[in-house]
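I have placed the structure first, in the form of structure tokens, so that the comments after it can refer back to it.
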Ligand SMILES: [Zn+2]
């Protein structure tokens, strides 16, 4: 199960998700997963990541941009 939000029709509900970002209400692909509520298998997870990369949502060459001077004092 995963929570899917659709920007086209406003659908916002939990669905049985198999990795495709398709709105079960209107069929739009303009939807996103708000939260995965199930344990994802490695294969499914890779499919999701790949899909996100192909959609340009996730940058495959993610820069690890550490903030400058981000120091924390530990009590
Ligand atoms: Zn929809």
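A few points about this structure:
- Strands (runs of 3 or more DSSP E) contained in the stretch 1-55 and holding at least 1 residues without any contact (Cβ under 8 Å) to a residue 24 or more places away in the chain and at negative phi: 12-15
- For the residues 51, 19, the requirement of being away from the ligand (no atom under 13 Å from the Cβ) and touching a helix residue (DSSP H, G or I) at 6+ places or on another chain (Cβ under 7 Å) singles out 19.
Read the figures in this text as sums done on the coordinates, not as results from a lab. All values derive from a computational prediction rather than experimental measurement. We place every Cβ from the backbone using ideal geometry, glycine too, and count neighbours over all the protein chains shown.
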